Amino acid sequence: MSQLEKKLALMLDDAVTAVGFELLGVEFVRAGKHSTLRVYIDSPKGIDVDDCADVSHQISAVLDIEDPISTEYNLEVSSPGLDRPLFKASHYKEVVGQTISVKLQIPQDGRRNYKGQLTECDEHSFTVKVDNEHYSLTYENVLKANLVPEFE
């Protein structure tokens with residue numbers, strides 16, 4: 001996550017928790033007037049459209065007061081979906097043994113993109129098995145990571 005995304009996650013966490021949800025993470029996609037602030041939420045009972053609307057109203061108030069983004073943007077509040085984004089070490093721990101897709105900020109071992117089985121993780125790094133090779137990656141270098149849905 002970028003510094004702005006980290007700052008936004010810290011800023012919005014209490015507001016999301018106050019209405020009974022977990023803030024999974026934040027993505028800010030820059031695209032001029034069409035930039036998007038995407039906030040992912042979850043709860044044990046799942047997420048529906050009304051939940052997203054409630055959280056949107058709650059965090060809009062915080063964003064209006066704090067005004068952390070100087071450009072125009074659209075706010076989206078979303079459930080994590082089947083391709084659940086992974087933001088924190090705890091998110092990785094929940095999906096050990098499953099397939100993930102990772103894009104790095106800085107290439108490692110000659111590549112930026114990894115797609116394979118998450119075999120282990122700790123508080124600083126995780127290991128992905130790609131084509132029978134194990135790659136140890138740090139959370140700090142992750143630009144984006146998602147669970148890859150598998151259908152039977």
Would you check which residues across the range 72-131 are of a type in the set (Gly, Ala, Ser) and without any contact (Cβ under 8 Å) to a residue 40 or more places away in the chain and list them?
-> 79, 81, 90, 97, 110, 116, 125
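Can you tell me how many residues in the range 44-58 are of a type outside the set (Val, Ile, Thr) and surrounded by 14 or more Cβ atoms within 10 Å (Cβ to Cβ)?
Here is the first cut: in the range 44-58, the residues of a type outside the set (Val, Ile, Thr) are 44-46, 48, 50-54, 56-58.
Right, trim to surrounded by 14 or more Cβ atoms within 10 Å (Cβ to Cβ) and you get 51-52, 54, 56, 58.
Of the residues in the range 44-58, 5 are of a type outside the set (Val, Ile, Thr) and surrounded by 14 or more Cβ atoms within 10 Å (Cβ to Cβ).
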Within the range 132-140, is even one residue surrounded by 15 or more Cβ atoms within 10 Å (Cβ to Cβ) and assigned to a helix (DSSP H, G or I)?
-> yes
For residue 139, work out the one condition from (1) in contact (Cβ under 8 Å) with a residue 24 or more places away in the chain; (2) of a type outside the set (Gly, Ala, Ser); (3) at positive phi it doesn't fulfil.
-> (3)
Specify which of the listed residues (69, 59) is assigned by TED's automatic domain parsing to the domain that holds residue 12, β-branched (Val, Ile, Thr), assigned to a loop (DSSP other than H, G, I, E, B) and under 17 Å from residue 35 (Cβ atoms).
-> 69
Inter-residue pairs, beta-carbon under 8 Å, first loosely packed, with under 12 Cβ neighbours inside 10 Å and in the range 18-38, second assigned to a strand (DSSP E or B), 6+ apart | 34/74
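Among the residues of the range 72-85, how many are part of a strand (DSSP E or B) and surrounded by fewer than 12 Cβ atoms within 10 Å (Cβ to Cβ)?
Here the count works out to 0.
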Does residue 100 qualify as being in the same structural domain as residue 18 (by TED's automatic domain parsing), of a type outside the set (D, E, K, R) and in contact with a strand residue (DSSP E or B) (Cβ under 7 Å, 6 or more places away or on another chain)?
-> no
Can you tell me which residue in the range 95-115 is modelled with the lowest pLDDT, limited to those that are over 18 Å from the mean Cα position of the chain (by Cα) and either of a type in the set (Gly, Ala, Ser) or surrounded by 14 or more Cβ atoms within 10 Å (Cβ to Cβ) (or both)?
-> 110
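The values are calculated or read from the model by the stated rules, or taken from the named source; none is laboratory data. Quick caveat, the model's predicted, so the values are computed rather than measured. Cβ: placed from backbone, ideal geometry, glycine included. Neighbour counts: every protein chain shown.
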